[in-house]
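See below for the structure under consideration.
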Amino acid sequence: VECSAAGERARVIGSLLGFLYAPDDPQAAIEKMASPECRIVSLTITEGGYYVNQGTGDFDCSHPEIVHDLEHPHEPCCSFGYLAEALDRRRKRGLPPFTVMSCDNLQHNGDVAKKMILAFAERRDPALSDWLARNCAFPNSMVDRITPVTTGEHRAMVKEKFGIDDAWPVVTEPFKQWVVEDSFPNGRPCWEQVGAQMTTDVLPYEKIKIRLLNASHQAICHIGRLLGYQYVHDAMADPHINKFVTALMDVEVTPLLPKVHGIDLAEYKKTLIERFANPAIADQLSRIGMEVSARIPKFILPSIREQLARGGPIKLLSLILACWFRCLRETDEQGR
């Protein structure tokens, strides 16, 4: 369901032709991936699904699910176990590996998937890891679409307005951007015909999104919470916050960004302000304020470091940090 100030528009996704719930029949899911007709396996498993040690950036081989799947390689319980077993069957049958395509909101998601899956495979069977390193593709991708957590109000709206009884509708904004590195040795669908941007390098697109959208989200979140706001659109309706976010993007962030084919930065920033102000999304500040100690180093500190290196301004970026520190006291400016 796409929601904007103009109203809601619903669409039932028709591209899902079949469904296998792996825990009910693990072997059926593994065989589906191991079959010759399977050429791409996409992952949407959240940041936590990659078993990254957040302190070191290395593979967390001590995780109970990883330990289980290494001890029981033919009876996996986690994503990497399923992938490794399916890929190993392909290797033994003389089939090429499928392309592993991460679609998670994770910086360098393909590189992270490759590093972690190869580390898992190395512990399971070094020959498998070597085969994957030589033959398997892990394209990076970047997705941008504000999608709040589904609520009971969303379910009721979909049922009342569209007559659809859906236990988990996806409610989102009209804007969407999907950039994918074109590295698919076994072929791929023509995603560019439906708006995807195929590229040789996702990194510049990712940098623009992280430094503008994600950094602005942190500003809106921490300043907004201190001023007593609960929702992004309410905070953006405050002229001071709106002015701050605009200046942050224009003065302290834009000078650090590369020129990227197909991206008009002035138009992109204008679109961001409109997206943040969309009242129909009702995106909660508490949502974008989760796991901030992992987000600030990715979204804010790189711009501060680059501006310091070039002698540029960091006044607004620094205020975001200060407001985050202040939020850690767990009360807003009214003492709530």
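The residue list Val67, Ser42, Leu95 was ranked by how far each Cα lies along the charge dipole of segment 33-99 toward its positive end, using unit charges on Cβ atoms, and Leu95 comes out on top.
Among the protein heavy atoms, those of Lys176 account for about 130 Å² of accessible surface (1.4 Å probe, every chain in place). Relative to the dominant Cα principal axis of the chain, helix 315-327 is inclined by about 80°.
Mean residue ellipticity, 222 nm, helices only, the chain: the sum of -39500 (n - 2.57) across DSSP H runs of n ≥ 4, divided by residue count and rounded to 500, is -12500 deg cm²/dmol. With contacts taken as Cα pairs under 8 Å at a separation of at least 6 residues, segment 44-155 carries a relative contact order of 26 percent. Springs between Cα atoms under 10 Å define the GNM used for the chain, and in it the highest mean-square fluctuation of Pro23, Pro302, Pro174 occurs at Pro23. The phi-based Karplus calculation (6.51 cos²θ - 1.76 cosθ + 1.60; θ = phi - 60°) puts the 3J(HN,Hα) values of segment 303-314 at 5, 4, 4, 5, 5, 4, 5, 9, x, x, x, 9 Hz, whole numbers, x for Gly and Pro.
Can you give me the % of accessible surface on segment 214-336 that is carbon or sulfur? Probe 1.4 Å, all protein chains present, nothing else counted.
Working: 3530 of 6280 Å².
Its accessible area is 56 percent carbon and sulfur atoms.
Which value, in debye to the nearest 20, describes the size of the charge dipole of segment 70-214 about its Cα centre when Lys and Arg Cβ atoms bear +1, Asp and Glu Cβ atoms bear -1, and nothing else is charged?
Computed about the Cα centre, the dipole is about 260 debye.
In degrees between 0 and 90, to the nearest 10, how far off the longest principal axis of the chain does helix 215-226 point, with axes built from Cα atoms? Its long axis makes an angle of about 50 degrees. Site-free segments of the chain were taken between chymotrypsin sites (Phe, Trp or Tyr not before Pro) in DSSP loops having at most 16 other Cβ atoms within 10 Å, sites themselves excluded; the longest one is 176-336.
Taking the Cα centre of the chain as reference, the dipole from Cβ charges on Lys and Arg (+1) and Asp and Glu (-1) amounts to some 760 debye.
Just to be sure I understand: of the beta bridges DSSP finds with both ends in the chain, what percent are antiparallel, rounded to 5? Of those bridges, close to 55 percent are antiparallel. Compared with the dominant Cα axis of the chain, that is its longest principal axis, helix 152-162 is turned about 80°.
For segment 306-327 versus segment 91-155, the inter-centroid distance based on Cα atoms is 34 Å. Ordered from longest to shortest, the equivalent ellipsoid semi-axes for segment 1-112 are 28, 21, 14 Å, each the square root of 5 times a Cα gyration tensor eigenvalue.
Using the 1.4 Å probe convention, the accessible area of segment 178-336 works out to 50 Å² per residue with neighbouring protein chains retained.
From the alpha carbon gyration tensor of segment 209-336, can you work out the equivalent ellipsoid semi-axes (sqrt of 5 times each eigenvalue) and give them in Å, largest to smallest? Display every interim value, and only then the final one.
On the way: eigenvalues 107, 65, 29 Å².
Whole-Å semi-axes of the equivalent ellipsoid: 23, 18, 12.
The values are calculated or read from the model by the stated rules, or taken from the named source; none is laboratory data. This structure is a prediction, so every number in the text was calculated from the model and none was measured. Here Cβ is always computed from backbone atoms with ideal geometry, including for glycine, and neighbour counts include all displayed protein chains. Only protein heavy atoms, including side chains, enter the accessible area calculation; ligands, DNA and RNA are left aside. Shrake-Rupley method; radii C 1.70, N 1.55, O 1.52, S 1.80 Å.
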